[in-house]
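What follows is one structure encoded as structure tokens, with my remarks underneath.
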Amino acid sequence: PRMRVLGLVVVLSLMTMAAYVFRFQLVPFLATCSMWLLYWSGSQSPIRIATERAADIRGQGRLLSLLLRIMKTVQRFRRSRKGERRMKSALYFLTFCMVCLMFEVVSSIRTTFDESSAAILAGGLLAAAYLSYSLPLTSRRLHGSSEDFEGSEVVRKVIKHLKNCLDESSRRGKFHEAEQAVIHQFVECDRALLNELLEQISTDLLRRVFARFENTTQVLCFDLCDSLAAGSKAHLVDVFMSMKLTSRADLQSAVENLLLTTYGDELSELKCMQDNRGNANSIRNLLFEQVVDKEIQTRILNHFLAEAMSQVAHRALLASGHFRRLFRKGKQRRCVHDHMQFMMGSEDPLTVSSYDGSCFNSWRKVMFDVDDTLQCSGGPPAGVDKRYPKHAVYPGFIAFLKELHGGDEMSQMVALSARPDFLEQDVIKKFHRLRKEHGLHALPTLLLGEIDTGLEFLVKGGDEGMRALVKTKYKRVQEYIALYPEFRFVFLGDNGQGDYAVGHLMHEKFPDNLEQVWLHRVQEESSTPFYEVYKQRDAPIEFVEDYVMAAVSALRRPSPLITPEGLQNVVTAAERDFAEIAHWPSEEQRKTEEARLHNSIRLARSVLREHGIGADEPLSPLPSEVSASTLAAAPDFELPRSRSTPEAQVLPSGRSKILKWAAAAAARGRGASRSAPSNASSPEPHPEQVIGASSPGVAFTPGTAAPSVVPVPPLIVAGSGANTGPHEPRSPAPGDKTAAAIAAPPTPEITPVATAAAVAAATVAANALAAATAAVKAAAAASSPAA
């Protein structure tokens, strides 16, 4: 009801303003606007929305059903490119005449100029009216004459021949002869020349050939389909999508045959090529927007699933060294069993596709949100984060994407956003700008929302609006995983708008496809939408403070997703990205975020030292301009942990570690002044060692001056394997140097005397640490050299 009232108010306001401005010329104005609205509504998306609304309003949908019939009639007129150009020409002519009528141009000419000048101006108006009608009809020819083709000399000659055949076909009695010449040209090409021709020919010229000679679709997509490579098939699919595929059943059948005759890794290459074109013609839009025949859609999706099973089976078998040796011997002795013949393959890569998985390195898709994940939203309605300047790209995010990408030549990135799908071109321009200005290594595939969801989120708000947002995002995720079932997925989101629930739904529905979910913490975890619903469920979801900590988590997983060199690249890029951010709201805010990022970088470098990177370089100190108040305001974060690690067994928070480091340094200074033998003989620990240490029995409460005495179980390092019981030693994972270094020793039997002694020792340590912390804060406030 709110949306209906709001829409009615907006329409009445616009009509009132138009009636006041144009007075008695309102009728032609409304008529012209209605004609343009009908033209724009004659596409698949508005018809789909109107169909759903007509189905929902059963008894009261007569007017909507009538409007739906009119929209489908307009769609039939727009089936061909020729019909669409004629409709545009008529609309431009009508708009021009309406402007002349409403502003009384003709009467002004008659009253202002004499007869000869008025006749000249009238002739100019008639010429302008003619141009408004004829220019849309001739724009195709003007655009086609300025094309530039690349390729070998033979390909240039073939393209020139095709253009000559198009010109000859417009002459009387020459159509069939020109069509046969074009078909003969395609048939006579060998396999290599045909693929080179289809990859080099422009989309506009190929579209003109298919529109003029319909039999060429049958020849290329059915008769010569086995000779086409993945790149040629992707180019044909892109051409068909630009030819109004929704209203052409023959083109939908051609697309189906192109996809169903592609197998194995070549099919994955074809889908990725189609997604990497940098336009709106993605494989998702093809199957879920333009292929309106549900039977064709089902057959294509079933083919994708069947080939994915074979691909995953091949990769799993070939990953076993034992199987590879046995299979190699079996091929040499020609004794491979019949049910293993599918592993034999073929020597011709163009006739039978390979299933060995060599076309991609990682077979991983990286799916990420845009607002508050890629860039700062600046607050509602796009998000909740106000820490960085609006539209600022978060430090290290693009470098982290590149490391997760795995070095594949084709883009495996997917941008998931709740923005309406009619803003697709604007989002594509945004990513082109990111590639130019921020070094984005490839363009992602776009998965956008719907306008209904955006309006529902803005109007209803609360849990109901957020639930609609989650539903739309998860629907897009389901569609995309159905297109790429052979890939595994990593999801990067934030805890501001429903990504937490989307991650849990992905894990429940596709547990084997989902590798990891990292959520950028832009607000308290308890404020995350649907946090209370899913917090008890087990899923590979981690909250991270920034993307340096996400990279640390990716490296410390049991099966790492990046290399130590990749973590070093993310750290270097994060420092550079932060320095390039301008237009901060305040200098204090910039210092706060610098302290937060610097602490993450220190922890990342301590992890790199474990892998032998930067072991000879000392850890950089905190920024000198960061004040004590700024340091105390630095928010908490944790070392990334595995999803099975309890909350009580996590390393101390970032602010506690910094205060503990400072307190330990002050305590060492006071001990040295008293000339205590034990303190004098003990070596001064490295700051890295202090950060990685913890006082047993003492847990810091953020925001308090003194620590509270709370029993803390033995430390568990993130990504170090399964947890152990409170009285059992932890077994370090193989190769985990940190886990082996700080593994908890066997805990002796706890007795009342030992418990009392431990509590007393903890109390003394807490009091000493509280006094040291107070001394450090007092020194910092006084700006003394000890600070």
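The table below gives the values:
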| quantity | calculated |
| --- | --- |
| Separation in nanometres of the label points that stand 7 Å from Cα toward Cβ, at residue 115 and residue 527 | 7.9 nm |
| Largest to smallest accessible area among 563, 111 [probe 1.4 Å] | 111, 563 |
| Modelled FRET efficiency - R0 51 Å, residue 223 with residue 332, Cβ distances, 0.05 increments | 0.85 |
| Over 21 Å between alpha carbons, listed pairs 72/475; 390/429; 390/591; 386/777; 160/244; 430/471 | 72/475; 386/777; 160/244; 430/471 |
| Total charge dipole magnitude, the range 523-620, about the Cα centre, Cβ charges on Lys, Arg, Asp, Glu only, Debye to nearest 20 | 280 debye |
| Debye log10 I(q)/I(0) at q = 0.13, 0.24 Å⁻¹ for the range 428-514, Cα point scatterers | -0.53, -1.18 |
| Average projection area in nm² (convex hull over Cα atoms of the range 224-374, one quarter of hull surface) | 11.6 nm² |
| Sites residue 211 and residue 317, calculated FRET efficiency, Cβ-Cβ separation with R0 45 Å, nearest 0.05 | 0.45 |
| Kirkwood hydrodynamic radius of the range 286-340, Cα pairs, Å | 13.9 Å |
| Highest average packing first - 579-588, 161-170, Cβ atoms within 10 Å | 161-170, 579-588 |
| Inter-label distance, nm, simple model (7 Å from Cα along the C-beta direction), residue 302/residue 13 | 5.3 nm |
| Computed E for residue 390/residue 458 - FRET, C-beta separation, R0 22 angstrom, nearest 0.05 | 0.75 |
| Inter-site label distance for residue 509 and residue 582 at 7 Å from Cα along Cβ, in nm | 4.4 nm |
| Rotationally averaged projected area of the range 354-450 (alpha carbon convex hull; nm²) | 7.0 nm² |
| Long-range amide H partners of residue 414 with built H, under 5 Å | 366, 367, 368, 445 |
| Contour minus Cα-Cα distance for residue 192 and residue 324 (0.36 nm per residue) | 44.2 nm |
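The values are calculated or read from the model by the stated rules, or taken from the named source; none is laboratory data. All values reported here derive from a predicted model rather than from experimental measurement. Cβ coordinates were reconstructed from backbone atoms using ideal geometry, including for glycine residues, and neighbour counts include every protein chain displayed. To get the accessible areas, we keep the full protein, side chains included, count just its heavy atoms, and leave off ligands, DNA and RNA. Shrake-Rupley method; radii C 1.70, N 1.55, O 1.52, S 1.80 Å.
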